[in-house]
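Here's the structure we're looking at; comments come further down.
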Amino acid sequence: MQNDSLHKLTLAALFSALDYILALFQFRIPSPVGHPFVDLGFNFVALGVLFLGYKYGLLSGAIGLLVFDLLNGYANHAYLTVMEVILLTTGTYLAWILLKKNVSLPAIITLGVVSGLLKMGTGYLRYLIEALVDAGLPLPKAVVTALAAFPADFATGVSMFIVVPLFFLALNKVSHQLHWNWYQQYQ
């Protein structure tokens with residue numbers, strides 16, 4: 001039992017590190033609110049919840065991207081990143097349950113699309129909150145201003161349509177070669 005907990009924590013730390021490292025590679029999008037950029041960090045947040053289960057996937061994603069925000073000048077908006085991670089992992093995990101944790105190609109593609117759409121939605125919500133709280137804009141102006149930051153989240157979401165299924169298939173193959181039946185152990 002103790003060995004199992006250590007294994008879970010080690011994998012969660014690995015996913016956390018991947019979230020952080022992949023968030024470093026970014027493409028900035030000019031915007032009147034926030035600091036939007038396209039990165040691959042959220043891809044591994046979605047993958048983390050699929051491979052580690054809800055609790056460890058949520059923790060690894062929140063820790064990895066929280067540390068990224070704190071160390072890279074986004075500390076004042078770190079709470080919004082954690083909000084995005086909570087919403088993304090919860091929605092992705094619920095979709096995973098609805099798909100009965102099926103690892104077929106159509107199911108994994110569906111999870112990529114679901115996680116990408118969730119990222120688009122959570123990203124828009126993030127910039128809406130920033131426009132309301134940080135800029136102090138009234139709701140109608142905040143809605144429009146948040147749309148200016150949306151292209152970054154749209155691009156990140158579209159990347160998730162492709163990256164999540166591809167990396168899932170690769171990691172799934174590696175896990176089988178290592179005799180790690182993750183979907184039976186941690187789900």
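A short reminder: the numbers here are calculations on the coordinates, not readings from a lab. Just so it is clear, the structure is predicted and the values come from calculations on it, not from any experiment. Here the Cβ is made from the backbone with ideal geometry for all residues, glycine too, and neighbour counts use every protein chain on show.
State, to one decimal in nm², a quarter of the convex hull surface area for the C-alpha atoms of the chain, i.e. the direction-averaged projected area.
Details: hull surface 41.7 nm².
Result: 10.4 nm².
Could you tell me the extents of the range 127-180's C-alpha atoms along the three principal axes, largest first, rounded to whole Å?
Principal axes ranked by extent give 55, 18, 11 Å for the Cα atoms.
Report the far tail of the P(r) of the range 67-114, meaning the percent of Cα-Cα pairs longer than 16 Å. The partial results should precede the final answer.
Working: 570 of 1128 pairs.
Percent of Cα pairs beyond 16 Å in the range 67-114: 51.
What translational D, rounded to a whole number of µm²/s, comes out for the range 1-71 from Stokes-Einstein when the hydrodynamic radius is the Kirkwood one over Cα pairs, at 20 °C and 1.002 mPa s?
Details: Rh = 12.6 Å.
Calculated translational D: 170 µm²/s.
Grab the other residues whose beta carbon is less than 14 angstrom from that of Val163, score K and R as +1, D and E as -1, and report the net. The partial results should precede the final answer.
Numbers: positive: Lys119; negative: Asp19, Asp39.
Residues near Val163 contribute -1 overall.
Under the √(5λ) rule applied to the eigenvalues of the Cα gyration tensor, what semi-axes describe the equivalent ellipsoid of the range 75-162? Give them in Å, descending. Intermediate values should be presented prior to the final figure.
Numbers: eigenvalues 164, 34, 18 Å².
Three semi-axes, in Å: 29, 13, 9.
What is the helix-to-structure angle for 78-98, meaning the angle in degrees between its Cα long axis and the longest Cα principal axis of the chain, kept from 0 to 90 and rounded to the nearest 10?
Helix 78-98 and the main axis of the chain meet at about 50 degrees.
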